[in-house]
Structure formats: structure tokens, C-alpha cells
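Asks: Would you mind keeping the following structure in view while I ask a few things?
Laboratory data are not the source of any read-out in this text; all were calculated from the coordinates shown. Note that the coordinates shown come from a computational prediction; the quantities given were computed from them, not determined experimentally. Note that each Cβ is placed from the backbone with ideal geometry, even for glycine, and that neighbours are counted across all protein chains shown.
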Amino acid sequence: MPELHQNFVAPSLDLPWESDIIALRRDFHAHPELGFEEVRTAGIVAQRLRDLGLEVRENVGRTGVVGLLKGAKNGPCVLVRADMDALPIHEQNDWEWKSKNGGKMHACGHDAHTAIGLCVARILTEERDHLAGSVKFMFQPAEEGMGGAGGMMRDGVLENPRPDFALALHVWTPLPAGQIGVSSGPVMAYADGFQARIFGKGGHGAMPEQTTDAVLIAAHVVTALQSIVARNLKPLDAGVVTVGKLEAGTAFNIIPGAAYLEGTMRAFSPDVRDLLTTRCREIIETLPRAFGGRGEFQFIEGFPATVNDEDVVQRLIPALESVAGAQNVQSFEPTLGAEDFSLILQEIPGCYFFVGARNPAIDAIYPHHHPKFNIDESALPLGTRALVAAVRELLS
Ligand SMILES: [Zn+2]
Ligand SMILES: [Zn+2]
């Protein structure tokens, strides 16, 4: 056993799949692969699904895998999605199962999602004779910003058969282990990007009168962009404008003639999304003129908001309560993060829910995408049971 905090409480391992799921997740964790490079992961997934007797399609949306489980009776089709990609982060944990691929890490928990998806397939396959309908398992590449779900959709993941419902979960360290967060309506945000180029006139750092200082203009633009949420957005609406990248200049004594900015805009509604986009464009294109410069704005379309279907959520809550306990199923405060499962939920009614993975006793306290990210592995059996219960409910 690896070194763990002494207060670590191992998840109960009373069923064969429960020890399997821990081993599976740790194996995926040790071998992280970036978006569209999930060859090893997808190979294990496809082999396991084939071993279960499912109809398997590989290389769907490049490195995605689809497995179809047909129940003995007719009924609806439920899509269960798991993402498989890791992040370009150097892991700072020291587990036995820490990343063996330097500079790559499962720092968002998609290793857990892949393991959970496989165990859900295993459990539901054992119940095949009682299933009224089919379950389509979607193991997708490149969730982290590269739109792996969209590629699988273009390759037909939503056809033959077309799912009637779609389910996905995320293990979540902001939420204590043992809890499930689920809500109807938007749970994640529209996430668009923008690029801005600011043009002035460069020159000597001691002779500003001969220049148009692009750094000064960029600083005013960044400040003015923060007035959008503060002064243009209705206070009870949610929105974010973040400038995450700002580049200008080459030396301390040169006034640069150009600056470059990148940022992200987040919103839950199309109206707020339009407002943020319009105001960012107006500020970036017009404010530099007041300084004698010029600004260019480029919109970069991202993912839509992740919106859960009200009816599906209402059906699922008792099912989730049956596995986690009623007191442990909470409504979930939406986050302004983004998720490409939103593309699926635009077409298929469904639910994206959160499974708690926080446990200070084992230092599972770090945010997602942190080099010390870690989960309480009790989220694996809980997430598995939750998805199995959700599928059973939707096929009932
Ligand atoms: Zn992530
Ligand atoms: Zn993630």
C-alpha cells in the first residue's frame, strides 16, 4: 500500500467490482494521456467493453470509444458519458500510482470517470436480462477545452440508436466525499474567449511624448473590462470577464507599440452572454482611440451552458438518494466552469451531477487542475452506484 494519511478510511470493498474500480482508476492515474492522445486508455476501455460482450466502436471522434449494451427487452436508450483525458500538469503527489508520464496528470479526475464508466458497464451487463432498453457508453477524448464531445457527435455517437436520455458525472473536490450535488437548470456556464490586439506607437522610455503607449492603453482596457460585470450586468445575474493573458514590451526602457490580451467570458444565459460579448467588443475597439491608438477584438466561441433537464432531475433525485442517503443529496450551486457535455445536453435531455471527493484527512482538498489534486476514492463506488441507479430509473 502506498503511504496514506493515517486517518484515511478505505472505501468498503465488499463487491468484486469495488476493488477492481480502485485498481482501474489508479492504473489510469499512473498513465495519463492528453486530449486526442488517449490511445492506451481507449484501448483498455474498448477491450473491457468487448470482454463484456458489448457492441464496440473505436476511433469515434478520433480516440473516443462507444459501447452499446442492449437489454433483453425493448425500451429507451440512455447515454452514459465518461471523459478520459488528462492535463499538461506535473504531478506533485507522491502516491505509488502517481503519474508516470512527466508533465501529464489526471488533475481533473477523468481517470475516476473512466473507471466508473467501465464499472457501470460491468454491473449493467450483469443485469442485461432485466434491462428494458439499451445503454450507450460514451468514452470521450479531449474534454479539457478541445471539444472531444463535438467530434464524437460528428462521428455519430448520438445515432443508431439515438439516446432518449444522457447522463454524466464529475467527481468534485469542492464537495465533501459521500455527497452528491444535483440541480435542474444551468449547472455550468457558457465559456467563450476573446483575443484583443492593442496598437499604439513605440519609442524611447524617456520620450513618451513621441509615442502612443500600448501598455498604458492595455492597462485601461483591462480596468474598463472589469466595469462590465460591475456596471452593465444586472446585480442578480451571474457573469465573469477575466483577462488571463497580457503581453507587451521587450525591455524596461522601451515603450511598446503593441499589446496583446486574452480573456474568457462566462454566463449562464444567452442574454448575459450577448451582453458580455458586446461590451467587451465595444471597450476593446473604442477605448484605445481615446488614447490615439487602435484596438481589435476577436470572439472565440466556446462551449454552451450545461443545462440539466428538470423532469430528468426530478426522476433521478430519489434514485440518487437511495444510494447516497437523502441527507447527502444536495442541490448544487452552479459553477461558472464549463463542460463539453453541454453539447450533448443541448440535444438530449439529461443530467450532469457532482460526486463529492473532498477529504481533508487524506489531503484531498485541492481544486481541480492543481498539481496536488487528489480525490477520496469512496467517490468511485458512490459514483458507480449513482449512475447505475440513474440508468435503472430512466429505463424503468
Ligand atoms: Zn478539468
Ligand atoms: Zn473535468
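Asks: At a 10 angstrom cut-off on C-beta neighbours, averaged per residue, how do the peptides 158-167, 289-298 rank from highest to lowest?
Replies: The peptides rank, most packed first, as 158-167, 289-298.
Asks: Output the antiparallel fraction of DSSP beta bridges having both residues in the chain, as a percent to the nearest 5. Provide the component values of the computation, followed by the final result.
Replies: Details: 47 of 69 bridges.
If I count the DSSP bridges inside the chain, around 70 percent turn out antiparallel.
Asks: Label the stretch 116-182 by shape, choosing from rounded, prolate and oblate, from the square roots a ≥ b ≥ c of the eigenvalues of the Cα gyration tensor; if a/c is under 1.5 it is rounded, and otherwise prolate applies when a/b is larger than b/c, oblate when it is not.
Replies: Working: a/c = 2.21, a/b = 1.07, b/c = 2.06.
It comes out oblate by the Cα gyration axes.
Asks: Okay, moving on. To test your reading of the geometry: what angle, between 0 and 90 degrees and rounded to tens, separates the Cα axis of helix 110-126 from the longest principal axis of the chain?
Replies: Roughly 30 degrees, rounded to the nearest 10.
Asks: Setting aside same-chain residues fewer than 8 positions from Lys100, which lysines have a Cα under 23 Å from its Cα?
Replies: List returned: Lys372.
Asks: Right, next: Figure the gain on full extension for Asp27 and Ile365 (residue separation times 0.36 nm, minus the Cα-Cα span) and round it to one decimal in nm.
Replies: Going from the current span to full extension adds 119.5 nm.
Asks: Using a cut-off of under 19 Å, list every residue of the stretch 366-380 whose amide N is near the label point 7 Å from the Cα of Asp94 along the Cα-to-beta-carbon line.
Replies: Within reach of a label on Asp94, which here means backbone N under 19 Å from a point 7 Å along Cα→Cβ, the stretch 366-380 contributes 366, 371-375.
Asks: Taking the Cα centre of the stretch 190-303 as origin, work out the dipole magnitude from +1 charges on Lys and Arg Cβ and -1 charges on Asp and Glu Cβ, in debye rounded to 20.
Replies: Computed about the Cα centre, the dipole is about 120 debye.
Asks: Specify the inter-centroid distance of the stretch 210-239 and the stretch 320-340, based on alpha-carbon positions, in whole Å.
Replies: 35
Asks: First check a/c for the stretch 1-145, with a ≥ b ≥ c the square roots of the eigenvalues of its C-alpha gyration tensor; if it is under 1.5, answer rounded, and if not, answer prolate when a/b is larger than b/c or oblate otherwise.
Replies: It comes out oblate by the Cα gyration axes.
Asks: Treating the angle as unsigned and between 0 and 90°, give the value, to the nearest 10°, between the Cα long axis of helix 39-51 and the longest Cα principal axis of the chain.
Replies: The angle comes out at about 20 degrees.
Asks: Next question, about the same structure. Points 7 angstrom from Cα along the Cβ direction at Glu296 and Gln226: gap in nanometres?
Replies: That separation, rounded to one decimal, is 2.8 nm.
Asks: A follow-up question, please. Rounded, prolate or oblate, given the Cα gyration tensor of the chain, with a/c below 1.5 counting as rounded?
Replies: prolate
Asks: Could you size up the charge dipole of the chain around its Cα centre, putting +1 on the beta carbon of Lys and Arg and -1 on that of Asp and Glu, and report it in debye to the nearest 20?
Replies: Its charge dipole is roughly 500 debye.
Asks: So what is the relative contact order of the stretch 190-303, in percent, for Cα pairs below 8 Å that sit 6 or more residues apart?
Replies: It comes to 43 percent, rounded to a whole number.
Asks: Which of Tyr260, Asn160, Gln210 sits closest to the plus end of the dipole of the stretch 127-264, meaning its Cα is farthest towards the positive end, when Lys and Arg get +1 and Asp and Glu get -1 on the C-beta?
Replies: Towards the positive end, the residue furthest out is Gln210.
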